[in-house]
1. What nm value, rounded to one decimal, do you get for the distance between Lys147 and Tyr64 when each label is placed 7 Å out toward the C-beta?
2. So, by mean Cβ neighbours within 10 angstrom, what's the order for 95-106, 113-124 with the highest one leading?
3. So for region 5-167: antiparallel DSSP bridges make up what percent, rounded to the nearest 5?
4. Which value in nm describes the separation of the simple spin-label points at Arg18 and Val154, placed 7 Å from the Cα toward the beta carbon?
5. For Arg91 paired with Ala41, estimate the spin-label separation in nm (one decimal), with each label point 7 Å from Cα along the Cα-to-Cβ line.
6. What is the projected area of the convex hull of the Cα atoms of region 5-167, averaged over all directions, in nm²?
7. Which lysines does Lys147 reach when only Cα atoms under 22 Å apart count, and residues fewer than 8 places away in its own chain are ignored?
Amino acid sequence: MAPTHYETAVVDYLRADRALFVNTECCIQLHPAENPDLSGAHWYCDAVAVDFRAQSVFLCEFSYANPPKALGDRLAEWYTDWPKVCAALLRDSHLPKDWPIRPWLFVPEAQINWIVGKIRKLQADASLSERIPDPRITPLELAQPWKYRSWDRVGELPKPASIPESMQA
């Protein structure tokens, strides 16, 4: 399937930081098997970004839906299986075991309150034994190529106050 305009824009935004290495449409397969479609739970993450500067890994998801319900559903699935998601990434992508893994969400600025509310609801659910670290959130509007320098992303615009501080960096 061809990427949408915003998928391409977000991948270009990620790649503009030369310390980030990006794998698009990365399959996260909980149970190893030759065919992910026959192995049980798996997802094609929009992008996995490995940040060598911060020694962190980001599961990047992009949505311009109003509201981003499918993205909220994906987060709910990840919350349920977070230890398995991390183990699958370590196993299949050979990531360093001590690097933190965290979602990075790209949504329209108008949908930030909706997605933050969904995240807070998931975090409050006592039945979830493992918690995902607070996702990083970036408004899709900041991924537009005229909003940052394309060769190093220095000087990008600040994030809106509607994004909680723990979800900004």
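Every number here is computed from the coordinates shown, using simple stated rules; none is lab data. Note that the structure is a prediction, hence the values are computed from the model and not measured. Reconstructed Cβ throughout: ideal geometry from the backbone, glycine too, with neighbour counts over all protein chains shown.
1. A separation of 1.2 nm, rounded to one decimal place.
2. Numbers: 95-106: 17.0, 113-124: 15.3.
By packing density, highest mean first, the sequence is 95-106, 113-124.
3. Working: 14 of 24 bridges.
Roughly 60 percent of the beta bridges in region 5-167 run antiparallel, per DSSP.
4. A separation of 1.0 nm, rounded to one decimal place.
5. In this crude spin-label approximation the distance works out to 1.3 nm.
6. Details: hull surface 38.7 nm².
Projected over every direction and averaged, the Cα hull of region 5-167 covers 9.7 nm².
7. Lys159
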